[in-house]
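Below is one structure, written out as structure tokens; the observations come after it.
The values are calculated or read from the model by the stated rules, or taken from the named source; none is laboratory data. Worth saying up front: this structure is predicted, and the values here are computed from it rather than measured. Using ideal geometry, Cβ is built from the backbone for each residue, glycine included, and neighbour counts are taken over all protein chains shown. To get the accessible areas, we keep the full protein, side chains included, count just its heavy atoms, and leave off ligands, DNA and RNA. Shrake-Rupley method; radii C 1.70, N 1.55, O 1.52, S 1.80 Å.
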Amino acid sequence: MPNTTLNDRALLRLSGEDVRGFLQGLVTNDVSGNLPVWAALLTPQGKALFDFLIWGDEEDVLIDCERAAADDLTKRLTLYRLRRAITIAREDGLGVHWAKEGDLGVVDPRLSDLGQRWLAPAGEGEGADAAWQAHRLSLGVTEGRAELGDGTTLWLECNAAELNGVSFTKGCYVGQENTARMNWRQKVNRRLVVVPIGEADDKRQVVTWPELGWSVEHRRVENIDPAAAPGWMREALTADRGA
């Protein structure tokens, strides 16, 4: 069996007093029900700081995040913890695993075509990071600070609604006011898109992956060709344009 470990991911374990309630008032998605879910921690203005998947482990919660962002995310969560009896620490005994197909784990909550994901002891070898990135970008799905920006891109511009990364019914969280207002107006002016490097617009580029042939760009919706956009985005583009 090929290696399935995503070595670029890390897990944070939150344990203690009502950890779901703690996260419910911070992150964009509803963590009171079935997990995993994709969610983000935003600035007060509604811009993405960190995105992650949230898993349940009995009374604890595990946050599946970028390894390079794990320490910064821990610090930010610790600031919000205040005097709550909650422990936030790295969970190095488990790894994040992915497979394009199969019956292990659960379907990625963002998009079923992304494949299967699960938590288990880390494997050995080079891991599945390159295959995962290539597959994800081919579907037009962005993640991580390099692609979403570090407090620079509004969460709905990250296609959060279309990829099940936000709840509009769960109540308040950091950045909720602006996010809810954009949704109520049903108007997203810009979106992150993944385009072939040959069609790149240097002025709109966020990051390029030359070895994979993709450019991640922050484009106005009128400059996004619906016919070239992934199927999961097309209905939203039509609504954005008022068509």
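Laid out as a table, the results:
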item: DSSP-assigned coil residues among GluC sites (Glu not before Pro) in region 192-232, each with at most 15 further Cβ atoms within 10 Å; result: E211
item: Nitroxide proxy distance, nm - points 7 Å out along Cα→Cβ at N7 and E211; result: 1.1 nm
item: Rel. contact order, % - alpha carbon contacts under 8 angstrom, at least six apart, the chain; result: 22 percent
item: Solvent exposure of the chain as accessible area per residue, Å², 1.4 Å probe; result: 48 Å²
item: Charge context of W214, other residues only, Cβ under 11 angstrom, K/R +1, D/E -1; result: -3
item: Pairwise FRET efficiency - F168 versus A227, Cβ, R0 = 35 Å, nearest 0.05; result: 0.75
item: Pairwise FRET efficiency - A134 versus E199, Cβ, R0 = 22 Å, nearest 0.05; result: 0.75
item: Radius 14 Å from Cβ of Q45, net charge of other residues (Lys, Arg +1; Asp, Glu -1); result: -1
item: Low-density loop positions, GluC sites (Glu not before Pro), region 34-74 - DSSP coil, at most 14 other Cβ in 10 Å; result: E58, E59
item: Farthest positive-ward along the chain dipole, Cα basis, beta-carbon charges - from I224, N189, A70; result: N189
item: Local electrostatic count at V107 - Lys and Arg +1, Asp and Glu -1, tallied over other residues with Cβ under 15 Å; result: -1
item: Protein accessible area in the chain, 1.4 Å probe - carbon and sulfur %; result: 47 percent
item: Label-point gap, in nm, between D18 and N183 - each point 7 angstrom along Cα→Cβ; result: 2.3 nm
item: Net dipole in debye of the chain [+1 Lys, Arg Cβ; -1 Asp, Glu Cβ; about Cα centre; nearest 20]; result: 1040 debye
item: Unit charges on C-beta of K, R, D, E only; dipole of region 87-161, Debye; result: 140 debye
item: Given K100/K203; K75/K187; K47/K187, the pairs whose alpha carbons are separated by over 24 Å; result: K100/K203; K75/K187
item: Nonlocal amide H pairs with G95, under 5 Å, H built at 1.01 Å; result: A120, A122
